[in-house]
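See below for the structure under consideration.
The values are calculated or read from the model by the stated rules, or taken from the named source; none is laboratory data. Everything numeric here is computed off the predicted structure, so don't read it as measured data. Please note: Cβ atoms are built from the backbone with ideal geometry, for glycine as well, and neighbour counts cover all protein chains shown.
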Amino acid sequence: MADAIVPLAEKRLRDVKLCELGSWLGGRDFTPNGIISAIRRGRGSYYNKYINVKKGGIGGITMMLVGYVAISYLWEFDHIKHDRWRKYH
């Protein structure tokens, strides 16, 4: 049985083909409320997929921890970069 045809505006990003990307982005809501609701939907789907499961592993927590470490490093990169060039003597 064939899959039902879904309108382009209702497709998820992972289901959009590269040639449809411009049209798909044109149908998104880029107002502050639209962005906040998209972040809430993304957080909810992440939580339901990796955290709120019957038999979970360490994968979801590990991804969150790695993301936190990467963001912390990017925020502190200027300070770290300037530390390399200091002379201690």
For this session: Starting from residues that are of a type in the set (D, E, K, R) and under 18 Å from residue 15 (Cβ atoms), keep the ones in the stretch 30-50 and report whichever is nearest to the chain's Cα centre (by Cα).
Result: 41
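Yes/no per residue for (1) out of contact with any His (no Cβ under 8 Å at 6 or more places or on another chain); (2) surrounded by 11 or more Cβ atoms within 10 Å (Cβ to Cβ); (3) part of a loop (DSSP other than H, G, I, E, B):
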{"residue": "6", "(1), (2), (3)": "yes, no, yes"}
{"residue": "14", "(1), (2), (3)": "yes, no, no"}
{"residue": "20", "(1), (2), (3)": "yes, yes, no"}
{"residue": "25", "(1), (2), (3)": "yes, yes, no"}
{"residue": "28", "(1), (2), (3)": "yes, yes, yes"}
{"residue": "40", "(1), (2), (3)": "yes, no, no"}
{"residue": "43", "(1), (2), (3)": "yes, no, no"}
{"residue": "54", "(1), (2), (3)": "yes, no, yes"}
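Taking the condition touching a helix residue (DSSP H, G or I) at 6+ places or on another chain (Cβ under 8 Å), of a type in the set (A, V, I, L, M, F, W, C) and modelled with pLDDT of 85 or more, does residue 66 pass?
Working: touching a helix residue (DSSP H, G or I) at 6+ places or on another chain (Cβ under 8 Å): no; of a type in the set (A, V, I, L, M, F, W, C): yes; modelled with pLDDT of 85 or more: yes.
Against the criterion (touching a helix residue (DSSP H, G or I) at 6+ places or on another chain (Cβ under 8 Å), of a type in the set (A, V, I, L, M, F, W, C) and modelled with pLDDT of 85 or more), residue 66 does not qualify.
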